[in-house]
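Have a look at the structure below, then the notes.
The values are calculated or read from the model by the stated rules, or taken from the named source; none is laboratory data. These numbers come from a predicted model, not from an experiment. Note that we place each Cβ from the backbone using ideal geometry, even for glycine, and neighbour counts take in every protein chain shown.
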Amino acid sequence: MFSFLKKKPPETSASPEQPNSTLSSAISSSPSSAPSSAPSPAIAENVAVVAETAAATVVAPTEDTKLGLFARLRQSLSKTRSALTDSLSSLILGRKTIDQSLLDDIETQLLSADMGLEATDHIIKALTQKLDRKQLANPQALLDSLKVELAAMLRPCEVPLVIKKSDKPYVILVVGVNGAGKTTTIGKLAKRLQGEGHKLVLAAGDTFRAAAVEQLKVWGERNHVPVVAQPTGSDSASVIFDAYQSACARGADVLIADTAGRLHTKDNLMQELEKIVRVLRKLDPDLPNETLLVLDSTTGQNSLNQARTFHKSVNVTGLALTKLDGTAKGGMVFAIAKELKLPIRYLGVGEKVDDLRPFEAEQFVQALFSDN
């Protein structure tokens with residue numbers, strides 16, 4: 001049926017229950033299987049770092065931990081807050097009168113924080129209308145109105161990922177450019193979904209980057225999640241096809257498929273990604289159920305260009321924004337929300353395994369402006 005099924009059978013990094021007979025030759029039953037040759041020092045070091053990160057324990061968020069989660073979010077946004085909201089607060093609250101000159105200064109500040117032209121223009125127009133209607137009586141009223149407008153811009157993107165039990169296995173295809181944090185995000189997401197009671201299988205579809213398969217296997221071993229893989233250089237669509245068959249045989253609720261990092265400017269690489277989608281849709285026209293684009297927040301406005309291209313090629317259904325703790329360019333969240341209006345599923349706010357958290361618009365804005 002598919003020519004690529006003739007490739008070398010996949011390996012797995014864990015030993016779950018016995019699959020059906022048609023797949024037994026395609027899935028390794030040994031959790032300790034390893035390549036015949038030792039990995040290079042660079043790969044070994046990379047895997048060791050992932051192993052240390054994956055060893056942490058995730059705790060499912062509850063009402064009792066909300067204050068701690070908010071404090072963690074606020075801490076992760078410290079650089080963006082310093083570059084954007086602290087400067088805005090000082091600018092606004094330091095003025096005695098509210099006029100067009102002040103709005104011009106606010107516009108400059110928003111643009112410098114990578115908020116983008118479209119989002120900035122929307123905010124300034126809304127504030128100008130309120131100024132004309134004399135609804136901004138004092139600096140505090142202006143600051144409060146700014147917060148309201150920012151939250152309103154993000155609110156349509158607050159759409160949590162819901163795993164439908166009827167779609168079994170529910171397939172999450174994870175895409176993005178090199179270095180965005182796809183594999184790490186998959187490990188954190190797997191732990192979170194596992195904590196919610198879902199049974200998972202991971203597909204090591206990044207068959208081109210050195211150590212990518214090994215990294216995903218480490219996450220799988222730590223979380224006791226089977227990983228379907230093939231040797232480096234194998235066809236990624238073949239790996240994900242095998243992983244889907246494996247997930248069906250194991251009765252898994254969710255299949256999370258990694259893919260090779262690719263530059264959004266390279267048409268041939270994007271075509272390979274489109275091939276994966278075509279293969280999945282031959283299995284089921286509704287697959288993948290979720291195409292999750294991982295964006296590196298430190299890239300600022302470039303992440304918006306990435307989102308446009310990936311969305312055009314594979315119809316992105318959700319976003320995970322990583323490395324917010326390491327950038328002052330968190331304003332890109334507003335740019336993406338205003339232009340693309342795609343659901344923002346998760347924020348990556350740190351290196352720990354539980355530092356992947358669902359996106360909440362109100363909390364995000366509060367954390368940006370919070371002093372305590």
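Of note:
- Residues in the stretch 78-120 that are assigned to a loop (DSSP other than H, G, I, E, B), out of contact with any helix residue (DSSP H, G or I) (no Cβ under 7 Å at 6 or more places or on another chain) and either hydroxyl-bearing (Ser, Thr, Tyr) or over 18 Å from Leu131 (Cβ atoms) (or both): Thr97 only.
- Residue within the stretch 152-166 that is in a helix (DSSP H, G or I) and farther than 26 Å from Asn289 by Cβ present: yes
- Of all residues in the stretch 286-308, those that are under 28 Å from Lys168 (Cα atoms), of a type outside the set (A, V, I, L, M, F, W, C) and under 15 Å from the mean Cα position of the chain (by Cα) total 2.
- Val365 meets the stated requirement of being of a type outside the set (Gly, Ala, Ser), crowded, with 22+ Cβ neighbours inside 10 Å and in a helix (DSSP H, G or I).
- Lys164 vs. criteria surrounded by 22 or more Cβ atoms within 10 Å (Cβ to Cβ) and among the charged types (D, E, K, R): no
- Scan of the stretch 147-193 for residues that are free of Cβ contacts under 8 Å to residues at least 40 places away in the same chain, within 26 Å of Ala113 (Cβ to Cβ) and out of contact with any helix residue (DSSP H, G or I) (no Cβ under 7 Å at 6 or more places or on another chain), ordered by number: Val148, Ala152
- For the stretch 132-142, residues that are aliphatic (A, V, I, L, M) and buried (at least 18 other Cβ atoms within 10 Å of the Cβ) total 2.
- Residue within the stretch 236-257 that is small (Gly, Ala, Ser), surrounded by fewer than 23 Cβ atoms within 10 Å (Cβ to Cβ), in contact with a Ser or Thr (Cβ under 6 Å, 6 or more places away or on another chain) and at pLDDT below 95 present: no
- For Val353: the one exception among (1) in a loop (DSSP other than H, G, I, E, B); (2) at pLDDT 95 or above: (2)
Let's see how each residue does on (1) surrounded by 22 or more Cβ atoms within 10 Å (Cβ to Cβ); (2) within 14 Å of Ala180 (Cβ to Cβ):
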residue: Thr299; (1), (2): no, yes
residue: Asn302; (1), (2): no, yes
residue: Asn315; (1), (2): no, no
residue: Ala335; (1), (2): yes, no
residue: Glu339; (1), (2): no, no
residue: Leu342; (1), (2): no, no
residue: Arg345; (1), (2): yes, no
residue: Gly350; (1), (2): no, no
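- The number of residues in the stretch 112-127 that are surrounded by fewer than 17 Cβ atoms within 10 Å (Cβ to Cβ) and either modelled with pLDDT under 95 or of a type in the set (Lys, Arg) (or both) comes to 4.
- Any pair with Cβ under 8 angstrom, 6 or more apart, that starts in the stretch 109-129 at a residue that is on the phi < 0 side of the Ramachandran plot and ends at one that is in a loop (DSSP other than H, G, I, E, B) and of a type in the set (D, E, K, R): Ala113/Lys329
- Listed conditions (1) part of a helix (DSSP H, G or I); (2) under 30 Å from Lys125 (Cβ atoms); (3) not polar (S, T, N, Q) are all met by Ala190, apart from (2).
- Selection from the stretch 328-350 of residues that are within 27 Å of Lys191 (Cβ to Cβ) and either free of Cβ contacts under 8 Å to residues at least 40 places away in the same chain or in a strand (DSSP E or B) (or both): Ile344, Arg345, Tyr346, Leu347, Gly348
- Filter result for Thr185 (surrounded by fewer than 24 Cβ atoms within 10 Å (Cβ to Cβ) and more than 14 Å from the chain's Cα centre (by Cα)): no
- All helices (runs of 4 or more DSSP H) inside the stretch 200-294 with 3 or more residues being under 22 Å from Gly179 (Cα atoms) and without any contact (Cβ under 8 Å) to a residue 24 or more places away in the chain: 267-283
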